[in-house]
Amino acid sequence: MHFESGVGHIGGNLSSLDAMLIVFHEFKRDGDDFILSKGHSAGALYTTLWSIGMLEDQDLKNFHKDDTLLSGHPPAKGLTNIRFATGSLGHGLSLAAGLALGARLQGQDSHIFCLTSDGEWQEGSTWEAFMFACHHKLSNLTILVDHNGLQGFGSTKEVASMGRLVDRVSGFPCKPIVVDGHNLDELRSALLCPAVNHPKFICMETIKGSGVSFMENKMEWHYLPMNQEQYNRAIKDLELL
Amino acid sequence: MRKQLCEALQRRSSNPSMVFLTGDLGFMALEGLAADLGNRFINAGVAEQNMISVAAALASLKMEVWVYSIAPFLYARPFEQIRNDITFHNLPVRLIGNGGGYGYGVMGPTHHAIEDYGILLTLPNMSVYIPAFDEDVYAIVEKAVVDAGPVYLRMGRGEPPSDYLIPPYEPWRQLVKGGGPLVVVVGPIAGSYIACLAAMPFDIRPSLWVISELPLSRNPIPDAFLKHLEKAAALCVVEEHVRQGGFGSDFVLHCAVHGIQLPRLTHLYAQAHHFSKYGSQAYLRRQSGLDIDNLLAVLGLKT
């Protein structure tokens with residue numbers, strides 16, 4: 001769908017797709033919510049929604065085209081399972097924290113999953129949200145960080161190094177878990193791990209462009225669309241997985 | 001108005017879905033509400049961006065959500081959160097900004113809110129309420145609750161003369177009847193004109209109106225105002241807001257589109273975010289020419 005629409009952002013979609021698939025297929029129940037804070041991975045979210053029958057083949061074919069339901073970032077309306085338009089980084093964790101707090105106030109046992117990027121932790125609002133979630137002991141909130149180490153114009157270390165993100169969050173009343181974000185067993189174990197009196201924080205060590213050899217760990221695949229030859233190579237790589 | 005706000009909200013506090021968020025403000029004003037709401041009174045701390053998005057999320061769960069801060073902290077810092085998270089989803093979050101206009105006076109320009117409703121009215125479905133008198137807050141809170149979309153309540157300080165009988169709340173109200181020019185004012189500064197205008201002879205006395213709800217497209221100009229407009233020799237629009245995006249330009253455009261002829265028009269507005277020196281709200285209004293002396297001067301009524 002990215003190739004047919006001539007759209008980029010494929011690298012961050014591939015680094016986060018495994019996490020979205022396992023959350024939606026194995027953990028997200030009716031009444032739970034998933035907020036894709038890194039809205040530029042909308043393609044992975046749409047694919048995941050398609051995989052659970054919430055979107056049709058034709059919907060995916062119309063991705064990013066005129067008259068589509070599927071805009072380049074999650075839309076404001078038109079799709080169940082997408083409660084908020086995201087795409088401007090630094091909003092999603094606050095929205096997720098609000099949903100988690102609201103569920104508690106309403107006496108609901110729903111759980112909120114929020115997937116952020118790693119570069120997004122350069123946003124002050126993300127730290128506002130994290131502080132809020134920890135302060136209010138939102139144990140019905142799971143924060144997943146797609147820690148692929150690359151952002152739009154450099155690596156996260158080059159652009160605004162904060163050292164290891166898990167070290168920074170460890171100062172809050174929260175016990176971060178680090179997993180291989182492409183290892184389903186590790187992801188599953190982390191998602192099953194109970195969190196008591198604090199949100200669950202899962203730092204997923206991921207590979208930007210995971211599964212496509214010429215994209216892996218290459219910053220340019222944050223933005224670039226594929227040409228025909230690259231698409232053919234990518235498909236061959238994925239068929240070998 | 002904070003006293004009336006607290007009382008009005010306390011009357012609603014038995015609603016189990018009501019939740020109130022504050023950006024660490026409300027000391028010596030909102031304690032009663034906090035006590036009534038318990039865990040539904042949330043001090044979100046000095047973190048306004050998060051507070052707005054949390055409010056949006058709570059509203060998406062069908063809760064009755066109120067958010068409070070000093071006005072510029074409420075709309076300027078978290079503007080994108082208001083835009084994306086609240087208005088793009090038409091969520092009924094009620095934003096309460098204290099200190100509209102130059103309300104924080106000598107506290108300085110960081111605390112002033114003179115571009116607030118202009119900015120917010122660029123967003124979809126936003127309704128703005130600007131009480132002219134303290135007592136208006138009761139009616140406005142109840143109107144805001146039934147408003148299906150986002151709301152901004154610009155709080156100030158009512159300034160009527162002590163013996164003035166405040167008319168029941170309406171979006172448009174005539175405060176002083178007169179046979180002279182028309183004056184239409186946004187918000188509580190209207191109250192500061194009443195005593196002087198009411199003392200003038202009827203035939204030259206300005207007809208003073210106040211508007212408390214925007215945008216104009218959802219609060220049509222009343223027929224009585226339009227009838228007076230046909231006969232008036234002059235019209236003055238007054239607002240404690242910058243010229244760009246203010247009520248004045250919206251009013252003139254509305255009249256032009258609807259073929260309403262305007263007499264000689266003067267627009268008094270907030271001239272600057274800061275001047276060479278600082279002072280009270282009254283001082284800053286004088287610097288902007290919003291005081292009664294300048295109003296009379298531009299209307300040719302100053303002797």
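The values are calculated or read from the model by the stated rules, or taken from the named source; none is laboratory data. Everything numeric here is computed off the predicted structure, so don't read it as measured data. All Cβ positions, glycine included, derive from the backbone under ideal geometry; neighbour counts span all protein chains shown.
Within the stretch A:125-143, does at least one residue satisfy the condition of being in a strand (DSSP E or B), in contact with a Phe, Trp or Tyr (Cβ under 7 Å, 6 or more places away or on another chain) and crowded, with 24+ Cβ neighbours inside 10 Å? Yes; the residues of the stretch A:125-143 include at least one that is in a strand (DSSP E or B), in contact with a Phe, Trp or Tyr (Cβ under 7 Å, 6 or more places away or on another chain) and crowded, with 24+ Cβ neighbours inside 10 Å. Name, by its number, the condition in (1) surrounded by fewer than 22 Cβ atoms within 10 Å (Cβ to Cβ); (2) more than 11 Å from chain A (Cβ to nearest Cβ); (3) in a helix (DSSP H, G or I) that does not hold for B:LEU25. Tallying (1) surrounded by fewer than 22 Cβ atoms within 10 Å (Cβ to Cβ); (2) more than 11 Å from chain A (Cβ to nearest Cβ); (3) in a helix (DSSP H, G or I), B:LEU25 fails exactly one: (3). Looking only at residues in the stretch A:4-45 that are part of a loop (DSSP other than H, G, I, E, B) and among the acidic types (Asp, Glu), the one that is surrounded by the fewest Cβ atoms within 10 Å (Cβ to Cβ) is A:ASP30. For the stretch A:154-173, the set of residues classified as loosely packed, with under 11 Cβ neighbours inside 10 Å, under 30 Å from A:ASN197 (Cβ atoms) and of a type in the set (Gly, Ala, Ser) consists of A:GLY163, A:GLY171, listed by residue number. Here is the figure for the stretch B:29-85: residues that are away from chain A (no Cβ under 14 Å), part of a loop (DSSP other than H, G, I, E, B) and touching a Lys or Arg at 6+ places or on another chain (Cβ under 9 Å) total 2.
Per the listing A:LYS61, A:LYS77, the residue uniquely farther than 29 Å from B:ALA59 by Cβ and of a type in the set (Lys, Arg) is A:LYS61. Scanning the stretch B:292-303 for residues that are touching a residue at least 40 places away in the same chain (Cβ under 8 Å) and either touching a helix residue (DSSP H, G or I) at 6+ places or on another chain (Cβ under 9 Å) or outside any loop (DSSP other than H, G, I, E, B) (or both), we see that the one that is surrounded by the most Cβ atoms within 10 Å (Cβ to Cβ) is B:LEU295. What number of residues in the stretch A:115-154 are within 13 Å of another protein chain (Cβ to nearest Cβ) and of a type in the set (A, V, I, L, M)? Within the stretch A:115-154, residues that are within 13 Å of another protein chain (Cβ to nearest Cβ) and of a type in the set (A, V, I, L, M) number 5. Taken over the stretch A:156-188, the criterion of being assigned to a helix (DSSP H, G or I), farther than 20 Å from A:GLU123 by Cβ and touching a residue at least 24 places away in the same chain (Cβ under 8 Å) is satisfied by A:LEU184, A:LEU187, A:ARG188.
Once the stretch B:213-254 is narrowed to residues that are among the acidic types (Asp, Glu) and outside any helix (DSSP H, G or I), the residue that is surrounded by the most Cβ atoms within 10 Å (Cβ to Cβ) is B:GLU240.
Summed over the stretch A:79-114, residues that are within 12 Å of chain B (Cβ to nearest Cβ) and part of a loop (DSSP other than H, G, I, E, B) total 14. Once the stretch A:46-66 is narrowed to residues that are more than 22 Å from A:ILE22 (Cα to Cα), out of contact with any Leu (no Cβ under 8 Å at 6 or more places or on another chain) and without any contact (Cβ under 8 Å) to a residue 60 or more places away in the chain, the residue that is surrounded by the most Cβ atoms within 10 Å (Cβ to Cβ) is A:GLN58.
Could you tell me whether the stretch A:67-75 includes any residue that is buried (at least 20 other Cβ atoms within 10 Å of the Cβ) and assigned to a loop (DSSP other than H, G, I, E, B)? Among the residues of the stretch A:67-75, at least one is buried (at least 20 other Cβ atoms within 10 Å of the Cβ) and assigned to a loop (DSSP other than H, G, I, E, B), which makes the answer yes. Does B:LEU33 qualify as being farther than 26 Å from A:GLN108 by Cβ and either at pLDDT 95 or above or touching a Phe, Trp or Tyr at 6+ places or on another chain (Cβ under 7 Å) (or both)? Criteria not met by B:LEU33. The set of residues from the stretch B:255-278 being more than 18 Å from B:PRO222 (Cβ to Cβ), assigned to a loop (DSSP other than H, G, I, E, B) and not aliphatic (A, V, I, L, M) comprises B:TYR269, B:GLN271, B:HIS273, B:HIS274, B:PHE275, B:SER276, B:LYS277, B:TYR278.
Among the residues of the stretch B:34-51, those that are touching a helix residue (DSSP H, G or I) at 6+ places or on another chain (Cβ under 6 Å) and under 17 Å from B:LEU5 (Cα atoms) comprise B:ASP36, B:PHE41.
In the set B:ILE42, B:ILE86, which member is among the β-branched types (Val, Ile, Thr) and either in contact with a Cys (Cβ under 9 Å, 6 or more places away or on another chain) or within 30 Å of B:GLY246 (Cα to Cα) (or both)? Being among the β-branched types (Val, Ile, Thr) and either in contact with a Cys (Cβ under 9 Å, 6 or more places away or on another chain) or within 30 Å of B:GLY246 (Cα to Cα) (or both) holds for just one of B:ILE42, B:ILE86, which is B:ILE86.
Looking at A:GLY31, A:GLY92, just one residue is small (Gly, Ala, Ser) and over 11 Å from the mean Cα position of the chain (by Cα), and that residue is A:GLY31.
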